[in-house]
1. Check the stretch B:115-137 and report whether any residue there is in contact (Cβ under 8 Å) with a residue 40 or more places away in the chain, surrounded by fewer than 18 Cβ atoms within 10 Å (Cβ to Cβ), out of contact with any Leu (no Cβ under 7 Å at 6 or more places or on another chain) and within 12 Å of chain A (Cβ to nearest Cβ).
2. Give the number of residues within the stretch B:194-211 that are more than 10 Å from every other protein chain (Cβ to nearest Cβ) and either of a type in the set (Val, Ile, Thr) or under 21 Å from residue B:68 (Cα atoms) (or both).
3. Can you pull out every residue in the stretch B:26-36 that is of a type outside the set (A, V, I, L, M, F, W, C) and either free of Cβ contacts under 8 Å to residues at least 40 places away in the same chain or farther than 14 Å from residue B:12 by Cα (or both)?
4. Please go through the stretch B:28-65 and pick out each residue that is farther than 22 Å from residue B:193 by Cβ and surrounded by fewer than 21 Cβ atoms within 10 Å (Cβ to Cβ).
5. Hey, among B:152, B:159, B:145, which residue is closer than 18 Å to residue A:102 by Cβ and surrounded by fewer than 17 Cβ atoms within 10 Å (Cβ to Cβ)?
6. When the residues of the stretch B:34-44 are narrowed to those that are modelled with pLDDT of 85 or more and among the aliphatic types (A, V, I, L, M), which ends up farthest from residue B:8 (Cα to Cα)?
7. Name the one entry in B:39, B:44 that is hydrophobic (A, V, I, L, M, F, W, C), touching a Cys at 6+ places or on another chain (Cβ under 6 Å) and either closer than 20 Å to residue B:161 by Cβ or touching a residue at least 12 places away in the same chain (Cβ under 8 Å) (or both).
8. All but one of (1) surrounded by fewer than 20 Cβ atoms within 10 Å (Cβ to Cβ); (2) more than 10 Å from chain A (Cβ to nearest Cβ); (3) at pLDDT 85 or above hold for residue B:91; state the number of the condition that does not hold.
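The values are calculated or read from the model by the stated rules, or taken from the named source; none is laboratory data. Every value quoted in this text rests on a predicted model; they were computed, and no experiment measured them. Here the Cβ is made from the backbone with ideal geometry for all residues, glycine too, and neighbour counts use every protein chain on show.
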Amino acid sequence: MTEDPLFLLGFIAVCALATFATRVLPFIAFSRQAEHPLVLHLGRYLPPAVMLILVTYAMRDWRPLSNGAVNLGANGLAMLLAALIVALLQLWRHNALLSIVTGTVSYMAMIQLFD
Amino acid sequence: MPVMFGYLPLGAAFGILAMDVGIPWWAALTMSLVIYAGAGQFLAVALLANQAGLMEVAVATLMLNSRHLFYGLSLLGVFSGAGWRKPYLIFALTDETYSLLTSHRGPVKKDHTMAIKLSALNQLWWVLGTLAGVMIGSQLAFDTTGIEFVLTALFIVLTIEQARRLRRWMPFIVAMATALAALALLPDRHMLLGAIAAASMILLIQYRLDMRAPQQADAS
């Protein structure tokens, strides 16, 4: 399936359209309400909330309390340690590239060397 | 601007992952040119690997990227009057570009030339990263297990940057509560949208309460 160029192009087109739709919709639908206090309120508080939800989503395989016991899952400990490395580095150095690369390399090293 | 370079390793991770599941190099590059969405493209690769149908892909992409709706909402004023630059600014509104644009408040708030430079540079790094990734990915000797953590790392960095800018606990408490509730109560494929919808509802309710008690509007 992934070998058929026509299917791939159609697949890419669908992804591109769906992505652009989510980006352009507010500009079409709400262009006159830009200064409405509700829009400002959501614009201020929703993105940070969504970011933290995305972190939780990305780390959902680590479920410390599932089955009522400490349960780190397959790569749970590595994930937790790497996430801590990313967070601490970012708080300390404020360098996104450094935090992302160091965290990912340590995660890859931990799960490839110790599992 | 160091955050900009974040898209280079992330793009490389995407390229490596794409080659890993057997997507041709030209398709990976096309995705980075015309889709241009970090998390969205990682999801697309996963769906392609699982032989998902086009309808499934459309719905999943819409849901994952529904957070962009709110990026747009908060930038309505900033992008107004951008003229011919506006379509590209909207197209290129990724997590990281949004994060950069909103961290440049104040004097440059309506500097559209600067906004479009920033957006185009971000995409350039993303495409160059993808190119590097498909080149690395075509070398079979490299063990790429665990490369997907790059996405987790990106979200952690973006959350910390948001927190530093906002200096309020409220949205993060709401997010933690809704995310954990959604994890516990919803099936995995609905967790993300469920948590985002619940967080939006709580923020709406909180807005209504603030309106009724304007003297306490800053207490949150």
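1. no
2. Here is the first cut: in the stretch B:194-211, the ones more than 10 Å from every other protein chain (Cβ to nearest Cβ) are B:197, B:201, B:205, B:209.
Applying the additional criterion that residues be either of a type in the set (Val, Ile, Thr) or under 21 Å from residue B:68 (Cα atoms) (or both) yields B:197, B:201, B:205.
Number of matching residues: 3.
3. Initially, the stretch B:26-36 is screened for residues of a type outside the set (A, V, I, L, M, F, W, C), giving B:30, B:32, B:36.
Hit for the stretch B:26-36 is B:30, nothing else.
4. B:29, B:30, B:33, B:34, B:51
5. The unique qualifying residue is B:145.
6. B:44
7. Numbers: B:39 fails: touching a Cys at 6+ places or on another chain (Cβ under 6 Å).
Being hydrophobic (A, V, I, L, M, F, W, C), touching a Cys at 6+ places or on another chain (Cβ under 6 Å) and either closer than 20 Å to residue B:161 by Cβ or touching a residue at least 12 places away in the same chain (Cβ under 8 Å) (or both) holds for just one of B:39, B:44, which is B:44.
8. (2)
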